[in-house]
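To start, the structure itself, in C-alpha coordinates.
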Amino acid sequence: MKTALVTGAARGIGRSIAKILAADGFSVAVHYNSSVDAANETVTAINAAGGMASAFQADLTDENQVNALVKDVTDKLGPIHTLVCNAGIMYSQLLSFTKLEDWRKVMASNLDSAFLLTKALSRLMVRRKEGRIIYISSDAALLGDLMRCAYSASKSGLLGLARTAARELAPSGIAVNAITPGIIETDMTADIPETRKVKQLAAIPMGRFGSPEEVAGIVRFLASEDAGWITGQTISVDGGLCMR
Ligand code: NAP
(Lines give C-alpha, C1' and ligand atoms only; values in the text may rest on other atoms or scores of the structure.)
Protein backbone atom coordinates (compact mmCIF):
# COMPACT_ATOMS: atom_id res chain seq x y z
CA MET A 1 0.00 0.00 0.00
CA LYS A 2 1.38 3.42 -0.97
CA THR A 3 1.52 6.24 1.58
CA ALA A 4 0.43 9.83 0.95
CA LEU A 5 1.12 12.82 3.18
CA VAL A 6 -1.46 15.58 2.75
CA THR A 7 -0.73 18.81 4.60
CA GLY A 8 -3.56 20.90 6.04
CA ALA A 9 -5.88 17.92 5.64
CA ALA A 10 -8.11 18.58 8.66
CA ARG A 11 -10.57 20.62 6.63
CA GLY A 12 -11.31 22.27 3.30
CA ILE A 13 -9.48 21.20 0.15
CA GLY A 14 -6.95 19.11 2.10
CA ARG A 15 -9.70 17.00 3.68
CA SER A 16 -11.17 16.22 0.25
CA ILE A 17 -7.71 15.32 -1.07
CA ALA A 18 -7.09 12.99 1.89
CA LYS A 19 -10.47 11.30 1.35
CA ILE A 20 -10.02 10.79 -2.39
CA LEU A 21 -6.47 9.40 -2.05
CA ALA A 22 -7.66 7.01 0.69
CA ALA A 23 -10.49 5.88 -1.60
CA ASP A 24 -7.81 5.15 -4.23
CA GLY A 25 -6.00 2.84 -1.80
CA PHE A 26 -3.38 5.14 -0.26
CA SER A 27 -2.61 4.97 3.43
CA VAL A 28 -3.03 8.68 4.20
CA ALA A 29 -1.18 10.83 6.72
CA VAL A 30 -3.69 13.56 7.61
CA HIS A 31 -1.51 16.46 8.65
CA TYR A 32 -2.88 19.31 10.77
CA ASN A 33 -1.47 22.20 12.77
CA SER A 34 -4.16 23.54 15.13
CA SER A 35 -7.36 21.78 13.99
CA VAL A 36 -7.00 18.57 16.01
CA ASP A 37 -10.75 17.81 16.25
CA ALA A 38 -11.28 18.36 12.53
CA ALA A 39 -8.23 16.19 11.73
CA ASN A 40 -9.67 13.38 13.84
CA GLU A 41 -13.00 13.79 12.02
CA THR A 42 -11.19 13.41 8.67
CA VAL A 43 -9.45 10.27 9.91
CA THR A 44 -12.71 8.82 11.31
CA ALA A 45 -14.55 9.49 8.02
CA ILE A 46 -11.79 7.80 5.99
CA ASN A 47 -11.62 4.77 8.28
CA ALA A 48 -15.44 4.48 8.32
CA ALA A 49 -15.40 4.36 4.51
CA GLY A 50 -12.93 1.44 4.61
CA GLY A 51 -9.77 3.49 4.02
CA MET A 52 -6.61 3.91 6.10
CA ALA A 53 -5.60 7.20 7.69
CA SER A 54 -3.81 8.59 10.74
CA ALA A 55 -3.45 12.17 12.01
CA PHE A 56 -0.07 13.89 12.44
CA GLN A 57 0.53 17.35 13.95
CA ALA A 58 3.22 19.84 12.90
CA ASP A 59 3.76 23.56 12.38
CA LEU A 60 5.22 23.49 8.88
CA THR A 61 7.03 26.81 9.29
CA ASP A 62 9.47 25.08 11.66
CA GLU A 63 12.17 22.97 9.97
CA ASN A 64 12.60 20.67 12.99
CA GLN A 65 8.86 19.95 13.07
CA VAL A 66 8.83 19.28 9.31
CA ASN A 67 11.70 16.81 9.61
CA ALA A 68 10.06 15.13 12.62
CA LEU A 69 6.77 14.89 10.68
CA VAL A 70 8.43 13.16 7.71
CA LYS A 71 10.21 10.71 10.04
CA ASP A 72 7.08 10.02 12.09
CA VAL A 73 4.90 9.37 9.02
CA THR A 74 7.58 7.16 7.44
CA ASP A 75 8.07 5.16 10.66
CA LYS A 76 4.34 4.63 11.18
CA LEU A 77 2.93 4.34 7.64
CA GLY A 78 5.96 3.45 5.50
CA PRO A 79 7.85 5.43 2.82
CA ILE A 80 5.91 8.42 1.52
CA HIS A 81 5.04 7.99 -2.18
CA THR A 82 2.92 11.11 -2.63
CA LEU A 83 3.37 14.48 -0.94
CA VAL A 84 0.58 17.02 -1.31
CA CYS A 85 1.59 20.48 -0.07
CA ASN A 86 -1.83 21.97 0.55
CA ALA A 87 -1.42 23.87 3.84
CA GLY A 88 -1.54 27.61 3.50
CA ILE A 89 -2.90 30.87 4.81
CA MET A 90 -4.47 33.87 3.15
CA TYR A 91 -3.72 37.45 4.11
CA SER A 92 -5.47 40.47 2.60
CA GLN A 93 -4.05 43.99 2.79
CA LEU A 94 -3.04 46.69 0.34
CA LEU A 95 0.61 46.30 -0.67
CA SER A 96 1.54 49.69 0.80
CA PHE A 97 0.08 48.71 4.21
CA THR A 98 1.48 45.16 4.30
CA LYS A 99 3.90 44.79 7.20
CA LEU A 100 7.11 42.84 6.66
CA GLU A 101 6.21 40.50 9.53
CA ASP A 102 2.87 39.66 7.86
CA TRP A 103 4.60 39.14 4.49
CA ARG A 104 7.06 36.77 6.17
CA LYS A 105 4.28 34.88 7.95
CA VAL A 106 2.53 34.19 4.64
CA MET A 107 5.79 33.19 2.94
CA ALA A 108 6.65 30.86 5.81
CA SER A 109 3.27 29.11 5.82
CA ASN A 110 2.76 28.89 2.06
CA LEU A 111 6.25 28.64 0.52
CA ASP A 112 8.86 27.77 3.19
CA SER A 113 6.66 24.85 4.27
CA ALA A 114 6.64 23.36 0.75
CA PHE A 115 10.40 23.92 0.36
CA LEU A 116 11.16 22.27 3.72
CA LEU A 117 8.91 19.29 3.03
CA THR A 118 10.29 18.81 -0.49
CA LYS A 119 13.84 19.05 0.82
CA ALA A 120 13.16 16.54 3.60
CA LEU A 121 11.38 14.07 1.32
CA SER A 122 13.23 14.35 -1.98
CA ARG A 123 16.30 12.46 -0.75
CA LEU A 124 14.12 9.59 0.46
CA MET A 125 12.19 9.56 -2.83
CA VAL A 126 15.39 9.65 -4.90
CA ARG A 127 16.68 6.62 -2.99
CA ARG A 128 13.48 4.73 -3.85
CA LYS A 129 13.37 6.12 -7.41
CA GLU A 130 9.66 6.91 -7.18
CA GLY A 131 7.40 9.63 -5.87
CA ARG A 132 4.93 12.36 -6.63
CA ILE A 133 4.93 15.89 -5.27
CA ILE A 134 1.92 18.12 -5.80
CA TYR A 135 1.73 21.76 -4.73
CA ILE A 136 -1.61 23.49 -4.22
CA SER A 137 -0.84 26.95 -5.56
CA SER A 138 -3.61 29.38 -6.60
CA ASP A 139 -4.96 31.42 -9.49
CA ALA A 140 -3.46 34.33 -7.50
CA ALA A 141 -0.05 33.08 -8.69
CA LEU A 142 -1.07 33.75 -12.29
CA LEU A 143 -3.28 36.83 -11.90
CA GLY A 144 -1.88 38.64 -8.85
CA ASP A 145 -4.85 39.04 -6.51
CA LEU A 146 -5.85 42.56 -5.46
CA MET A 147 -4.75 43.26 -1.86
CA ARG A 148 -2.90 39.95 -1.66
CA CYS A 149 0.72 40.68 -2.62
CA ALA A 150 2.21 38.24 -0.11
CA TYR A 151 -0.29 35.49 -0.90
CA SER A 152 0.15 35.91 -4.67
CA ALA A 153 3.95 36.00 -4.40
CA SER A 154 4.02 32.91 -2.18
CA LYS A 155 1.80 31.01 -4.61
CA SER A 156 3.92 32.12 -7.61
CA GLY A 157 6.95 30.91 -5.65
CA LEU A 158 5.41 27.44 -5.54
CA LEU A 159 5.34 27.36 -9.35
CA GLY A 160 9.07 28.12 -9.54
CA LEU A 161 9.80 25.57 -6.83
CA ALA A 162 7.74 22.98 -8.73
CA ARG A 163 9.67 23.50 -11.96
CA THR A 164 13.12 23.31 -10.35
CA ALA A 165 12.13 20.29 -8.26
CA ALA A 166 10.63 18.67 -11.36
CA ARG A 167 13.91 19.12 -13.31
CA GLU A 168 16.13 17.96 -10.46
CA LEU A 169 14.02 14.92 -9.57
CA ALA A 170 12.92 13.78 -13.04
CA PRO A 171 16.00 11.55 -13.58
CA SER A 172 14.90 9.61 -10.49
CA GLY A 173 11.40 9.09 -11.84
CA ILE A 174 9.78 11.58 -9.45
CA ALA A 175 7.06 13.84 -10.86
CA VAL A 176 6.39 17.30 -9.44
CA ASN A 177 3.39 19.40 -10.48
CA ALA A 178 1.34 22.34 -9.26
CA ILE A 179 -2.39 23.00 -9.27
CA THR A 180 -3.77 26.54 -9.41
CA PRO A 181 -7.34 26.45 -8.11
CA GLY A 182 -9.68 29.37 -8.64
CA ILE A 183 -12.13 30.27 -5.88
CA ILE A 184 -13.12 27.15 -3.97
CA GLU A 185 -15.85 27.22 -1.34
CA THR A 186 -14.05 26.58 1.98
CA ASP A 187 -13.47 28.38 5.32
CA MET A 188 -10.70 30.39 3.59
CA THR A 189 -13.16 32.05 1.20
CA ALA A 190 -16.21 32.12 3.49
CA ASP A 191 -15.77 35.77 4.50
CA ILE A 192 -15.14 37.32 1.07
CA PRO A 193 -17.53 40.32 0.92
CA GLU A 194 -20.65 39.74 -1.21
CA THR A 195 -19.83 42.64 -3.57
CA ARG A 196 -16.40 41.13 -4.32
CA LYS A 197 -17.96 37.68 -4.82
CA VAL A 198 -20.35 39.07 -7.46
CA LYS A 199 -17.41 40.56 -9.40
CA GLN A 200 -15.40 37.35 -9.07
CA LEU A 201 -18.29 35.21 -10.32
CA ALA A 202 -18.73 37.48 -13.33
CA ALA A 203 -15.08 36.86 -14.34
CA ILE A 204 -15.41 33.05 -14.28
CA PRO A 205 -16.53 31.69 -17.69
CA MET A 206 -18.36 28.81 -16.00
CA GLY A 207 -20.14 31.27 -13.68
CA ARG A 208 -19.64 29.42 -10.40
CA PHE A 209 -17.08 28.77 -7.69
CA GLY A 210 -15.43 25.36 -7.40
CA SER A 211 -15.69 22.63 -4.80
CA PRO A 212 -12.85 21.01 -2.82
CA GLU A 213 -13.68 17.72 -4.58
CA GLU A 214 -12.93 19.29 -7.97
CA VAL A 215 -9.38 20.08 -6.82
CA ALA A 216 -9.02 16.66 -5.18
CA GLY A 217 -9.91 14.95 -8.47
CA ILE A 218 -6.83 16.44 -10.17
CA VAL A 219 -4.61 15.44 -7.26
CA ARG A 220 -5.99 11.89 -7.55
CA PHE A 221 -4.97 11.86 -11.23
CA LEU A 222 -1.50 13.34 -10.64
CA ALA A 223 -0.84 10.75 -7.91
CA SER A 224 -1.99 7.88 -10.13
CA GLU A 225 0.00 5.57 -12.42
CA ASP A 226 -1.70 7.26 -15.40
CA ALA A 227 0.13 10.53 -14.69
CA GLY A 228 3.65 9.06 -14.47
CA TRP A 229 5.00 11.09 -17.43
CA ILE A 230 3.57 14.47 -16.43
CA THR A 231 6.01 16.71 -14.59
CA GLY A 232 6.76 20.41 -14.13
CA GLN A 233 3.21 21.37 -15.11
CA THR A 234 0.77 23.90 -13.72
CA ILE A 235 -2.84 22.77 -13.99
CA SER A 236 -5.64 25.28 -13.46
CA VAL A 237 -8.92 24.17 -11.85
CA ASP A 238 -10.86 27.41 -12.07
CA GLY A 239 -13.92 27.25 -14.31
CA GLY A 240 -11.91 28.81 -17.13
CA LEU A 241 -10.76 31.94 -15.26
CA CYS A 242 -7.10 31.65 -16.31
CA MET A 243 -7.53 29.92 -19.67
CA ARG A 244 -4.58 30.45 -21.99
P1 NAP B 1 -8.30 26.19 4.85
O2 NAP B 1 -9.63 25.52 5.01
O3 NAP B 1 -8.05 27.48 5.54
O4 NAP B 1 -7.14 25.14 5.21
C5 NAP B 1 -5.79 25.52 5.22
C6 NAP B 1 -5.02 24.53 6.06
O7 NAP B 1 -3.65 24.93 6.12
C8 NAP B 1 -5.53 24.43 7.47
O9 NAP B 1 -6.04 23.13 7.65
C10 NAP B 1 -4.32 24.69 8.35
O11 NAP B 1 -4.15 23.73 9.38
C12 NAP B 1 -3.15 24.56 7.39
N13 NAP B 1 -2.04 25.45 7.78
C14 NAP B 1 -1.96 26.79 7.68
N15 NAP B 1 -0.79 27.24 8.18
C16 NAP B 1 -0.11 26.15 8.60
C17 NAP B 1 1.16 25.93 9.21
N18 NAP B 1 1.99 26.95 9.53
N19 NAP B 1 1.55 24.68 9.50
C20 NAP B 1 0.75 23.66 9.22
N21 NAP B 1 -0.47 23.77 8.66
C22 NAP B 1 -0.89 25.01 8.35
O23 NAP B 1 -8.00 26.47 3.32
P24 NAP B 1 -8.46 25.81 1.94
O25 NAP B 1 -9.39 26.75 1.29
O26 NAP B 1 -8.85 24.39 2.14
O27 NAP B 1 -7.08 25.91 1.16
C28 NAP B 1 -6.16 24.86 1.03
C29 NAP B 1 -5.04 25.31 0.11
O30 NAP B 1 -5.60 25.67 -1.16
C31 NAP B 1 -4.31 26.56 0.60
O32 NAP B 1 -2.93 26.45 0.33
C33 NAP B 1 -4.91 27.68 -0.22
O34 NAP B 1 -4.05 28.77 -0.38
C35 NAP B 1 -5.17 26.96 -1.53
N36 NAP B 1 -6.20 27.60 -2.35
C37 NAP B 1 -7.45 27.79 -1.83
C38 NAP B 1 -8.41 28.42 -2.64
C39 NAP B 1 -9.81 28.68 -2.14
O40 NAP B 1 -10.55 29.40 -2.84
N41 NAP B 1 -10.23 28.11 -1.03
C42 NAP B 1 -8.08 28.83 -3.94
C43 NAP B 1 -6.80 28.62 -4.42
C44 NAP B 1 -5.85 27.99 -3.61
P45 NAP B 1 -4.91 23.81 10.82
O46 NAP B 1 -6.34 24.17 10.54
O47 NAP B 1 -4.75 22.45 11.38
O48 NAP B 1 -4.18 24.85 11.62
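The values are calculated or read from the model by the stated rules, or taken from the named source; none is laboratory data. Nothing here was measured: the structure is a model prediction, and the numbers come from that model. All Cβ positions, glycine included, derive from the backbone under ideal geometry; neighbour counts span all protein chains shown. The protein model used for the area step is the full one, side chains on, heavy atoms only, and it has no ligands, DNA or RNA in it. Shrake-Rupley method; radii C 1.70, N 1.55, O 1.52, S 1.80 Å.
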Computed lengthening from Asp75 to Ala45, 0.36 nm per intervening residue step minus Cα-Cα distance: 8.5 nm
Pairwise centroid distance, computed over Cα atoms, of the range 1-42 with the range 123-158, Å: 19
Once R0 is set to 22 Å, what does the formula 1/(1 + (r/R0)^6) return for the Cβ-Cβ distance between Asp226 and Ser172, expressed as a FRET efficiency to the nearest 0.05? 0.65
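Summing -39500 (n - 2.57) over the DSSP H runs of n ≥ 4 in the chain and dividing by its residue number, what mean residue ellipticity at 222 nm do you reach, to the nearest 500 deg cm²/dmol?
Details: 9 runs with 111 residues, N = 244.
Computed mean residue ellipticity for the chain: -14000 deg cm²/dmol.
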Protection proxy ranking, peptides 49-55, 113-119, average beta carbon neighbours within 10 Å, highest first: 113-119, 49-55
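Give, rounded to the nearest 20 debye, the magnitude of the charge dipole that the range 1-153 has about its Cα centre when Lys and Arg contribute +1 at Cβ and Asp and Glu contribute -1 at Cβ. Could the numbers behind the result be given before it?
Numbers: 16 positive and 14 negative charges, 97 e Å.
I would put it at about 460 debye.
Any number yet on Rg/Rh for the range 81-193, C-alpha, Kirkwood?
Details: Rg = 14.9 Å, Rh = 14.7 Å.
We get a ratio of 1.02 for the range 81-193.
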Over all directions, the average projected area of the alpha-carbon convex hull for the chain comes to how many nm²? 12.8
Nearest-0.05 FRET efficiency for Met1 and Ser211 at R0 = 25 Å, using Cβ-Cβ distance, is 0.35
So the angle from the long Cα axis of helix 36-48 to the longest Cα principal axis of the chain, reported in degrees to the nearest 10, equals 60
Return one number: the angle in degrees, 0 to 90 and rounded to the nearest 10, between the long axis of the Cα atoms of helix 63-77 and the longest principal axis of the Cα atoms of the chain. 50
Highest to lowest packing among 59-66, 155-162, scored as the average C-beta count within 10 Å: 155-162, 59-66
Accessible carbon and sulfur surface of the range 97-161 relative to its total accessible area, %, 1.4 Å: 57
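How would Arg127, Arg196, Arg163, Arg220 line up by accessible area, probe 1.4 Å, largest first? Write out the running numbers ahead of the final one.
Working: Arg127 180, Arg196 65, Arg163 120, Arg220 90 Å².
These residues rank, largest area first, as Arg127, Arg163, Arg220, Arg196.
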Which FRET efficiency value, to the nearest 0.05, is calculated for Leu95 and Ala68 with the Förster distance at 35 angstrom and r the Cβ-Cβ distance? 0.45
Approximate spin-label separation Arg244-Asp102, in nm, with each point projected 7 Å along Cα-to-Cβ: 2.8
